Amino acid sequence: MARIIGCPGNRPVKRGGLSVQNTHQTQHFANARGFPLNANVLPQPTDIGAQINAHLLHTVGVGPDQASRCDLMQAVAQVVRAQLSERWVATQAQERQHKARRVVYLSMEFLMGRTLSNALAALQLTDGAAEGLRQHAQRLEDVADCEPDAALGNGGLGRLAACFLDAMATLSLPSWGYGIRYEYGMFAQDIVNGAQVEYPDPWLVDGTPWEFPRPDISYPVRFGGWVEHVDEQTIWRHTGEVAAKAYDMVVPGHGTRKVSTLRLWKAAAPAHFDLSAFNTGDYARAANTKNEFENISWVLYPNDSTPAGRELRLKQEYFFVAASMQDLVARHLQEHPTLDNLADHVAIHLNDTHPAIGVAELMRILCDEHRMPWEQAWALCGKTFSYTNHTLMPEALETWPVSLLQHVLPRHLEIIFRINKEFLDEAAKCRPGDNGFLARLSLIDEHGERRVRMAHLSIVGSHKVNGVSALHSDLLVQTIFADFAALWPDRFTNMTNGVTPRRWLAQANPGLAGLLDETLGPGWRLDLSQLTRLAAKKSDPVFQQAFRAIKRDNKVRLARAIENSTGIKVNPDSLFDVQVKRIHEYKRQLLNVLHVVWRYQAILAEPNASWVPRTVIFAGKAASSYVTAKSIIRLIHDVGQVINQDARIGDKLKLVFMPNYGVSVAEVIMPGADLSEQISTAGTEASGTGNMKLALNGALTIGTDDGANIEIRQNVGDDNIFIFGLKTPEVRALRQSGYQPMRYFESQPALKTVLDAIAGGRFSPTEPGRYRPLMDSLLWGGDHYMLLADFASYIATQARVDALYRQPELWCERSITNVAGMGVFSADRTIGEYARQIWHVESVPATP
């Protein structure tokens, strides 16, 4: 354990700022792609129509003149799949030839969305496919809509991982993503009588053309049992085993022939099942073993409110990590005669704490299966792993009961105990006798039920730990990981998140993308810093006219989607006020609802005032066991029911909740948004990426000085964003001084009227007490996320929004300024920084 600690004291943590200049550093990767920085470098195909017809006949099994839209989608996908396959084979051959150092990105989620349109764009096949489909009297957009979203993720964590794979491929970085092939995703959301209802999301029911089954790649994953130590050899006597079978998805780069691989694992039961039980008619018992194992890869984030649910989640995490570790070790040994140089050729990245058990698993493989000495294995492990933290909230840092780990993974618990003992022995040398310091550092939380702290395991086992925005990274070393930062200040760094412009602008907003092509040329797709040149156009009346026309078209499209999904008609000329993200108390959808109710009451009080028409749009899922979040969804529905049916209000105010939020829904919402709600309590949001996507599409942000909002403000300018509320130090000071929400309630009549209306049943007349617990949590439950403290500032800032929206030319100017300031928020910039500063991975040139 000698590598762990040098007792350096409290040296400052070095973290670079975020600026457009940094984005140019990605260019040295681009030169290795084999193509210049030009979005039109690949030859346009001329025979796509013939290929579509051939696949209709020979693959789909239907005559071209009888093909449905879904048949055509399958046929076009097969045309694309053939080219993806060729590029995957060539990429793997080139990486083997170069003995390349690879990134292995472990993530519980990869929210990929639909593949067809993105892949066509990457392969430069979009125009050819559109022409081929016109021969069938179909539009490419309509055919692409037949594809279901890949249900492999839920929120920002998974979408970030998907953007990162796109960027890794585009930068020609040797890269593998690893996750689980969920058969039913998290869940499909419906709203029934205002309440969230969850259904399975069977996205694989008809198969998918985008996966490549690898029947020869399967690894055993074991659970349970006990551990024996015999003749200096450790033997894990497991009592359960499941096979992890590999399915690959190919993620194409743009402007290059290189691709990334997303390898997903499906849990498969042992080949046998209880045939005797089946033959006696006991079908349930015969299938029980099969279901017991295969349910590991059924659902993302199963309900963990029960002991069985918690055990299943732990098994899921270990399942995909164990299979991935075996796979990367096997690949390494195919190319190298020894594991001694594993850290020279593999960089393993933990996307949050879900894959943290990988630290113990790699130690198990090296020590138990390959007989590597412990000290050597631990040194190698530390050079191999890096870890991204995504939360500042201690309660959100994953922990597992020691008893559960003992039951499910007894050998790994032994390994964790040894890591912890040796780590604490070293840490004690820095602060002798400081037991509180050691207790805070320990991988085992000894308070109450003993629990393993997975974030601590990730930090101790990694050579680099990063936050995902400048504020987040600073707060990590000042708060929850302050003791670790005191030991290892150089281990902590910042990597501000980014999004891929190929999907979130070029694909989601083709109108704006076309205008950018005319104004800047197509190179912005691969070098988003070129958007800065738009600043010179912000006051150009001709450019503004085109920009505003595109925004209105997008709002008309969004209004049509709202009507189709909710039955509610909205006015596209109203201000579209959007909050779309996972439903959680810290994201403060409830604060938004309080403003809507205030606005409704104010309109009724002054019906003849000059109100800016506003449509407030929510979307997002609540975790199936998260009662408060589900109550907020129902409140949104109930408030909307009253407002939308009140003839006195008309189009002055509408409130809608779009169900089943996912990538494809977001691709319609983002381009149509005028106002982006990023209103988390300061100091709680790690970064956010929805804020980046919305601003990239011209929405102005209303938000707190939190997460990446701060860096957005720095890049677009204070006049082009609406910041309100307490800042992080003020939140901390108010808590320390004793926050009393009742003082705000009693001193602000408008706030009191809003809360009384909700608590008194104004929006739930058939059940007047429905929202009393929700309101009581604000007034008597401590208002943990300080909605009441920020309410007045939020309302005042919304008035500033109205004032600006009344000046369409000035609003448009500031919208253009937001787009122009988004160049630094490209995933290409983020991944370039990871590659240089954390992974030390270089691009592999594409073979012409």
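Take each peptide in 358-366, 724-732, count the other Cβ atoms within 10 Å of every residue, and average; sorted highest first, the result is 358-366, 724-732. For K621, the aspartates and glutamates whose Cα falls under 18 Å of its own Cα, not counting residues fewer than eight places away in the same chain, are E109, D149, D190, E198, D201, D304, E585, D638, E667, E677, E685. If one computes the Cα centroid of the range 449-502 and of the range 635-649, what distance in Å separates the two points? Cα centres, the range 449-502 to the range 635-649: 44 Å. A protection proxy built from the mean count of other Cβ atoms within 10 Å ranks the segments 461-468, 640-647, 519-526, most packed first, as 461-468, 519-526, 640-647.
Taking the DSSP beta bridges with both ends in the chain, the antiparallel portion is around 45 percent.
Nonpolar atom fraction for the range 191-318, defined as the carbon and sulfur part of the 1.4 Å probe accessible area, stands at 53 percent. Accessible surface comparison of T766, T399, probe 1.4 Å, protein chains only, largest first: the order is T766, T399. Leaving out ligands, DNA and RNA, what percent of the accessible area of the range 744-848 is carbon and sulfur, probe 1.4 Å? The C+S portion of the solvent-accessible surface of the range 744-848 is 57 percent. Annotation note: GluC sites (Glu not before Pro) in the range 212-310 located in DSSP loop regions with a Cβ neighbour count of at most 14 within 10 Å are E232.
Rolling a 1.4 Å probe across the protein heavy atoms gives the chain an accessible surface of 37 Å² per residue. The figure for R285 is an accessible area of roughly 120 square angstrom, using a 1.4 Å probe on the protein chains alone. Summing charges over all other residues whose Cβ lies under 9 Å from the Cβ of F223, with Lys and Arg as +1 and Asp and Glu as -1, gives +1.
Pairs exceeding 22 Å between alpha-carbon atoms, taken from K587/K727; K555/K727; K587/K630; K587/K693; K290/K315; K727/K752: K555/K727; K727/K752. Applying both filters, DSSP loop and at most 13 other Cβ atoms within 10 Å, to the trypsin sites (Lys or Arg not before Pro) of the range 131-182 gives R139.
The values are calculated or read from the model by the stated rules, or taken from the named source; none is laboratory data. Keep in mind the model is a prediction, meaning the values are calculated, not measured. Backbone-built Cβ (ideal geometry, glycine too); neighbour counts: all protein chains shown. Surface areas here come from the heavy atoms of the whole protein model, side chains and all, with no ligands, DNA or RNA. Shrake-Rupley method; radii C 1.70, N 1.55, O 1.52, S 1.80 Å.
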